[in-house]
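What follows is a short report on a single structure.
The values are calculated or read from the model by the stated rules, or taken from the named source; none is laboratory data. As the structure is a prediction and not an experimental result, all values here were calculated from the model. Note: ideal-geometry Cβ built from the backbone for every residue, glycine included; neighbour counts use all protein chains shown. Heads up: the accessible areas ignore ligands, DNA and RNA and are worked out on the full protein's heavy atoms, side chains in. Shrake-Rupley method; radii C 1.70, N 1.55, O 1.52, S 1.80 Å.
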There are 4 protein chains.
Amino acid sequence: MARGTAVDIPTFVRIKPGALDRLGIYAARHRHRRVAMIVSEGLPAAIVERAEHSLRAEGAERIDRIDAGAASFEAASALFARLPTACDAVVGLGGGKALDVAKYVAFLAGRPMYAVPSSLSNDGFCSPQSSLTLGGARRSLTARLPFAVVVDTAVCLGAPVVLWWSGVGDLAAKVTAVRDWKLSYHASGEPVDDFAALLSDATVSQFLARPTRDDEGMRLLGTALMLNGIAMAVCGSSRPASGSEHLISHALDAISSRPRLHGLQVGVATYLVSRLQGQGTDRIAEAFDRTGFWDGIRADPFSRAEWLEAVRLAPSINPGRYTVLSTRDCVGEVAGMIDGDPALRGCFEE
Amino acid sequence: MARGTAVDIPTFVRIKPGALDRLGIYAARHRHRRVAMIVSEGLPAAIVERAEHSLRAEGAERIDRIDAGAASFEAASALFARLPTACDAVVGLGGGKALDVAKYVAFLAGRPMYAVPSSLSNDGFCSPQSSLTLGGARRSLTARLPFAVVVDTAVCLGAPVVLWWSGVGDLAAKVTAVRDWKLSYHASGEPVDDFAALLSDATVSQFLARPTRDDEGMRLLGTALMLNGIAMAVCGSSRPASGSEHLISHALDAISSRPRLHGLQVGVATYLVSRLQGQGTDRIAEAFDRTGFWDGIRADPFSRAEWLEAVRLAPSINPGRYTVLSTRDCVGEVAGMIDGDPALRGCFEE
Amino acid sequence: MARGTAVDIPTFVRIKPGALDRLGIYAARHRHRRVAMIVSEGLPAAIVERAEHSLRAEGAERIDRIDAGAASFEAASALFARLPTACDAVVGLGGGKALDVAKYVAFLAGRPMYAVPSSLSNDGFCSPQSSLTLGGARRSLTARLPFAVVVDTAVCLGAPVVLWWSGVGDLAAKVTAVRDWKLSYHASGEPVDDFAALLSDATVSQFLARPTRDDEGMRLLGTALMLNGIAMAVCGSSRPASGSEHLISHALDAISSRPRLHGLQVGVATYLVSRLQGQGTDRIAEAFDRTGFWDGIRADPFSRAEWLEAVRLAPSINPGRYTVLSTRDCVGEVAGMIDGDPALRGCFEE
Amino acid sequence: MARGTAVDIPTFVRIKPGALDRLGIYAARHRHRRVAMIVSEGLPAAIVERAEHSLRAEGAERIDRIDAGAASFEAASALFARLPTACDAVVGLGGGKALDVAKYVAFLAGRPMYAVPSSLSNDGFCSPQSSLTLGGARRSLTARLPFAVVVDTAVCLGAPVVLWWSGVGDLAAKVTAVRDWKLSYHASGEPVDDFAALLSDATVSQFLARPTRDDEGMRLLGTALMLNGIAMAVCGSSRPASGSEHLISHALDAISSRPRLHGLQVGVATYLVSRLQGQGTDRIAEAFDRTGFWDGIRADPFSRAEWLEAVRLAPSINPGRYTVLSTRDCVGEVAGMIDGDPALRGCFEE
C-alpha cells in the first residue's frame, strides 16, 4: 500500500480587515458555544469588547474572560485547572504571550484553539509549540497548531509600529535559518526537508517583495508567518524558522540587562548572520530599509558588548544545532560589522 | 477531543539542478528497487538514459521502461494491467501527459509515484488528479499526489521556451482563479478555503516578483506550481488553480481547429479575465512582458473567432462553477479587448 | 514530535435487523442525495426495492440502478465511465461480486461507498481491496475501505444457508492464517503485526464461541468479518486473513472443473491446514459441527484428485508467502487426512 | 473527494510471556536510545531490573529511573519539568498509577510512550486519557495513546490475584456501558458509534468465553482491555467503556471511608447495573463465578450503606451522561439486590 505523508494545518483561516468582528460567526459555524477567552493583560478594552460582542451576537452560551498572566507553564497549568469543564473552545486574543498561553491551555484541555493575534510581532500564533518558561527557564513546549487563525489586519495595523517591525525581523530570519539548515546538511548530513524549506522560502519572498504597512502588507506578513508555522509542523522541527539568528537572540534573552522584542533582536541578528553566511544580505537590508526597521532599532540601540557576548554564547545555547556560528569563531567578524557597516550605524552603543 | 485537519503532501521533494542524476539515490533511500519508468514519447534519449543510469548505479534491481502512450484512462488501464506485480514504485518522466499517465497507473497499482517533469508547462506534476480522456472526453480523474517530486531545473531550462511560457501562463491563472472563487462566495455562498487561497496566492507572487528563466526562476516556478497542487489537495477542489480562464481554455480545446498548449491558452485567458474582474491586470501584464510570454503568443496567433466562441461557451463547460463569466454576457467586452488592448496586439488574427 | 499510527475505519457502521430499510436515513444523514446503486444480478427484486424505497423516502434526488455485471476490472472501468458525474455516493448491494465492483467503481470515482451485503459469505464487504479479474486473471486490486458498512442481519438470515457456511469457512481461516504468519516470522523474520493479529483473533473467537444462525450470530459473524478487514488495513497486508488455506482455494479456482463457493473451499482447507500446523483443529471442527458446515460440504463433495493437485500447486500461487506448506511436501499428509479423518467422511469423492 | 475516517492505534504491540525481557529489543528497533523509565513505587526490584537490563543489553545510552510518585497533574508536571531534554521515549512500568503518570509526562514532552503494565487491573494502559487528580479532584485528562503496548503475561500472572479480579471487573463493565449508551440513544438521541460498540463487545466476549488465569487468559484479558482503549479513541468518548457502573464507582471513591480497587468496585456495580438494565446478568455472573471474583469481594466486603449512598449520588457525578440510573430512582432496587440476591451473599456488610 502506498501511504502518503499528511501534515496538520489550521482547519479555519481568515486574514482580513474586520475579522475580529466576525469571530462569533466563525465560532458559531463550528458549533463552539462555550468559549474561554484568554486575553493579554493591557490589551485595549475596545478590542476585547469587540470579540465578546461578536461572540454574544452569535449566541455564545458562555464566555469566560481570563487574563493570560505570565507566559509560564505553571501559569498555563493553573489556568487549565480553572478552565470550565464545559468549554467548547479556547480563544487566545492579544499578543504573543497570550497566544502562547492560550495555545497551551487548549492543548492541555484537548480543546480547539482560536488564535486571534492583535499584532503580528512573531510567528508564534500559528506554530505547534508554545514558548513558555518552565521552572524559570524559557522552553519551546510541545503543543498543537491552532484550530483557527483569525487575523484582523486592521486591528494589527492599529498596533504599535514596533510590533510590526518585530514581525518583519522574525520573518526575515527564515532566510538565514534555511541557509543554516543547508550548511548543517553539508557539514553533518542532517536531512533538509525541501518541502518545508521551499514553503518557508516562498512565503518570505512574497512579503519581502512588498513590505508595506497597509492591509495588503499585513495580509502578506500574516500569511507568511502562518505558513512558516506550518513549515515547522511539516518537518517536525523549528529548522525552517530558526537558525543562528535565533540562537543569538536566545543568548541575549539570557544575558541582556534589558532584552528587547524578540523580532527586533532576531532581525538585527539575521542581518549580521546573512553577512557571515555570505548571501541574502541585500534582500534583507532592502526590506529593513523600506519598512523603517532600522529606525526602530536606532530609537533604542542595542548594547555592543552584550551582542558580542551573545554571539560568543550562541553556539552553546543548542549544541546540537549546527549553524554558520559552528563553522568558526565569529565574534571578531561581528564586531567588525557593528563598527563598520553603514547600515548598522546608530543601532548599537557602548 | 480536538481533532485537527490533515493534508497530504509529497513525502519527498527535490527541486534543483542535477536532481535527475540523483534519482537513483532518492529511490534507493526509500528502498524502491524495482521501478517502472513511464516516459513521454519523444523525450530526448539522453534524459531517459540519465534517469536509468542513475537508478542502475544505485542498485535498482529492475527497471521497466514503458512508453506513456495516449493520455487516456483506457491506455493507463492497459499499462496498469501489464505492470509487473513486483514493482516498488512508478516513475513518471517527461511532459505533462506522461506524468498524468504515470500518476494514474501508480494510483491503480497502489504504488508510490515519482514525478520527474522534463519541463514546467503546467501544474499537473503535483496535483491529486490526472487529466486523462475517458471515452474520448477529457476528464480530471481522482488520483493521488505523487510520493516524490523531483524537478531538475537544468533539465527544465533545456526544454523549449514555449513550454516555460505555458507554465508561466498556468501559474498566472491562479490570480484570476482565486478571484473567481471569491466572486462565487459573494454570489452563492460557496465557501472559500482561505488557507488554500492564501497558499495559492503566496506561491504565485514569489515567481511573479522574479519571473526569470534561470535556475532560480525555474526553482520558483516549480515551487509555485507544486504548492498550487497542494492547495488543491487542501481544499479538495481545483478552485484555487482554475477559474473562468480555465473554462475558456477547455472550451477552446473543444472547438478549436488547432488547440495550443494548455498554459498559452490559459495565460491569455487569464489576462482577459483579469480585465473583466477589474483587478490584477497590471501584475499579470508585467510578468508576461518580462518573460516574453506575449512574443510566444504572437509567433503563432490565436483565432479571434474561436476565442469569442469559447468565451460564449465557457460558462456551460462546468455549469456549477460560478465565475466572472456568470455575472454577465462578456463576449462583447472580450471582443473589445482583443481589438483594442495594445498588450494584445498581434496575439489574435481573423 | 511523537507521531502515532493511524488506521482507516469505515466512517459509519450499522449491523442489525432492518438496517436495509434505514439505508435512506443513513445516506441522508451524510448528505448523499444522488446515489448510484450497483446491485447483484439475480438479487431478489424485493431487496432492491426496499433499498430504493428507503432512499426515495428520505429525499434522494436521483438513484441510478446499475447491474454489477462481471466482477472484472474491465467491467468496473466501464461502469465508472458511465457513472453520472453528479454522484454523491456509490451503494453496493448484494453478494460479494457486486460489492467488489461497487467498491472499485467508488475508488475510481473518488466517491464514498456503502457496502450493503445481502449475505455474509466472505470478508470482502469491508476490505481495502477488490477481488476482480484483470485480463482474465483474478487479482486483488487496491481500492479503499467502504465509507459505510450496513448489514441487515435479517436480510442475511434470509439468504441461502450455504452462503452462511461460506462465511463461516472464510472466518475460520483467520486461525490458520495467523498461525502461518507466525511460522513465517520464525522462518524468515517477516514481521508480525501483533495488533492486527490480536484483532483478527479476538473477532474470530467471539463468533466461534457462539456460532449460531440467528440475528445475534449474524451480528457476530458480520462484526468478525468486518474487523478482519480492518486488521488487513492496519497492517497493509492480507496476512491476518489469508494463509495457506487461501492458497489452496486459489489453486482450486485455477484448476477445478467446477470451483465451489470461496468460503466452502477455504473452510475445508482451513481444517486440513490446522492439522498440518498441529493446532486449532478442535476449535475449528467444533464450529463446523455446530454450524452444520460439514453437511453443506457433503451435499456436494469435492474432488479428491483436484484437492491433492491444489495442495501441490498452492505454494507456487504466491511464492513470496511463507506458510506451513513451505515447510515440507504436504500432499501425502493431506491425502492421509482425506482418506482417514472421520470428520471429513463424505466430503470428498474420487 | 472521499475522505475516510482514521483512528489512532499503538504503533507497536506485544502481549506474551517474556515480553519484559525484550523491552530493550523493542526500543532499539525504534531507535529509542535515551529512555526515561517511570516506575511504580513498591514495584518488585526484580521487575525494574529486568527492564533496565534488557534496555542496557540493547545499547540504551541513558536510562533515567524515576519514581512515579502521586498520580496527580501536579506531580506529573513536576516530573516533566525534570525530564532530560534528550529523551527519546518514556517507559511507564508498573501499575495503573505509574502508567497514567508516564502517559501524561510523555504527552507533555511530546515523546513516544511505552506502556509496560505489571498487572492488568484496569483498561488505563492503552487509553488516550490519564486518570490523575488536578487540584485534588480526580479527572480524566486528555493525553495520547501509548506508542507501544508491551504486556508480559507471565509478569502479570505473578501479580496478586486481586489485581486480576480488578481487571476482570473493569472488563465486564463494557457490557453495561454499551447498554447504557444505547439507552441514551433511545432517550436522548445521543449517537452510538456502532463500530466502537461492536469492537468493545467483541473483545469482552472473547475473554468472558474463556476467563482463565493463565498465559492465554492473560493474553485475552490484555487484548480486550487494549482494544477497549482503542474503542474509546475511535469515538472520542469513554462511552464504550464506562457507564452507570463507573459512575457508582466514582461516587464510592468520593464518599467511601476506604475505597477499594477500581475494578472490584466497578465489577460489583456492573453486576447490579446489569440487573437494573435487565440483561447480561447471567454472562457476567458466570464469568465472576469462574474467575473467583466473588471470593475476592467476600474477603473484604463492601459497606452496604456506602453503596446505597453511591447509587443515589451516581447520576449527579456526570449529569450529562444518561444511563439506566437516569430512568428512575434505583436505590430501592439495589437495596433489594444487596439483601436478597444469592450471588451477592457475603459481598456487603452493614
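Within the range C:120-152, can you find the residues that are hydroxyl-bearing (S, T, Y) and surrounded by 24 or more Cβ atoms within 10 Å (Cβ to Cβ)?
Our first condition is that a residue be hydroxyl-bearing (S, T, Y); within the range C:120-152, this holds for C:121, C:127, C:130-131, C:133, C:140, C:142.
Within the range C:120-152, C:S121, C:S127, C:S130 meet the criteria.
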Notebook entry, point to check: Which of the residues that make up the range B:281-294 are surrounded by fewer than 22 Cβ atoms within 10 Å (Cβ to Cβ) and either of a type outside the set (K, R) or not assigned by TED's automatic domain parsing to the domain that holds B:R312 (or both)?
Noted result: B:T281, B:D282, B:A285, B:E286, B:D289, B:G292, B:W294
Checklist line | Single residue of B:G189, B:G167 found to be under 15 Å from the mean Cα position of the chain (by Cα) and assigned by TED's automatic domain parsing to the domain that holds B:G292 | finding: B:G167
Note to self: If I filter the range D:295-323 down to residues being in contact with a Cys (Cβ under 7 Å, 6 or more places away or on another chain) and assigned to a helix (DSSP H, G or I), which single residue comes out as most open to solvent (accessible area, probe 1.4 Å)?
What the structure shows: D:R298
Checklist line | So B:A60, is it at pLDDT below 95, farther than 30 Å from B:S237 by Cβ and open to solvent by 10 Å² or more (accessible area, probe 1.4 Å) | finding: yes
Note to self: Could you check the range D:93-109 and list, in sequence order, the residues that are facing chain A (nearest Cβ under 10 Å), open to solvent by 10 Å² or more (accessible area, probe 1.4 Å) and not aromatic (F, W, Y)?
What the structure shows: D:A109
Margin query: Yes or no: the range B:220-235 includes at least one residue that is touching a residue at least 40 places away in the same chain (Cβ under 8 Å) and farther than 20 Å from B:S130 by Cα.
Written below: yes
Item checked: Given (1) open to solvent by 10 Å² or more (accessible area, probe 1.4 Å); (2) within 17 Å of A:A287 (Cα to Cα), number of the condition A:G167 does not satisfy -> (1)
Check: Before we move on, is A:V48 modelled with pLDDT of 95 or more and not acidic (D, E)?
Finding: yes
Next item on the list: Of all residues in the range C:182-199, count the ones that are assigned to a helix (DSSP H, G or I) and either more than 14 Å from chain D (Cβ to nearest Cβ) or open to solvent by 40 Å² or more (accessible area, probe 1.4 Å) (or both).
Entry: 7
Check: Hey, any hits in the range C:46-67 for a residue that's touching a residue at least 12 places away in the same chain (Cβ under 8 Å), under 21 Å from C:V162 (Cβ atoms) and part of a loop (DSSP other than H, G, I, E, B)?
Finding: no
Note to self: I'm trying to understand the selection: among the residues of the range D:212-266, which are basic (K, R), away from chain B (no Cβ under 14 Å) and either touching a Leu at 6+ places or on another chain (Cβ under 9 Å) or crowded, with 22+ Cβ neighbours inside 10 Å (or both)?
What the structure shows: D:R213, D:R219, D:R260
Margin query: If I filter the range A:68-83 for residues that are away from every other protein chain (no Cβ under 11 Å), in contact with a Leu (Cβ under 7 Å, 6 or more places away or on another chain) and of a type in the set (A, V, I, L, M), do I get at least one hit?
Written below: yes
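Quick one: is A:T203 under 21 Å from B:F207 (Cβ atoms) and modelled with pLDDT under 90?
Spelling it out, A:T203 is indeed under 21 Å from B:F207 (Cβ atoms) and modelled with pLDDT under 90.
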Check: Going by the conditions given, is D:R31 within 14 Å of chain C (Cβ to nearest Cβ), out of contact with any Pro (no Cβ under 8 Å at 6 or more places or on another chain) and not in a loop (DSSP other than H, G, I, E, B)?
Finding: no
Next item on the list: Report whether or not A:G340 is open to solvent by 30 Å² or more (accessible area, probe 1.4 Å) and in the same structural domain as A:A173 (by TED's automatic domain parsing).
Entry: yes
Item checked: Odd one out for C:A89, checked against (1) within 10 Å of another protein chain (Cβ to nearest Cβ); (2) crowded, with 16+ Cβ neighbours inside 10 Å; (3) free of Cβ contacts under 8 Å to residues at least 40 places away in the same chain -> (3)
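At least 3 residues that are under 12 Å from the mean Cα position of the chain (by Cα) and in the same structural domain as A:R328 (by TED's automatic domain parsing) in each: list the helices (runs of 4 or more DSSP H) lying fully within the range A:203-280 that qualify. Break it down into steps so the answer makes sense when it comes.
On the way: elements: A:215-235, A:244-255, A:262-277.
Correct list: A:215-235, A:262-277.
Can you pull out the residues in the range D:74-121 that are polar (S, T, N, Q) and not in a loop (DSSP other than H, G, I, E, B)?
The answer is D:S77, and nothing else.
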Margin query: Taking the criterion of being part of a helix (DSSP H, G or I), out of contact with any Phe, Trp or Tyr (no Cβ under 9 Å at 6 or more places or on another chain) and either on the phi > 0 side of the Ramachandran plot or without any contact (Cβ under 8 Å) to a residue 12 or more places away in the chain (or both), would at least one residue in the range C:168-180 satisfy it?
Written below: no
Next item on the list: Please enumerate the residues belonging to the range A:1-50 that are open to solvent by 20 Å² or more (accessible area, probe 1.4 Å), closer than 14 Å to A:Y114 by Cα and of a type in the set (A, V, I, L, M, F, W, C).
Entry: A:I25, A:A28
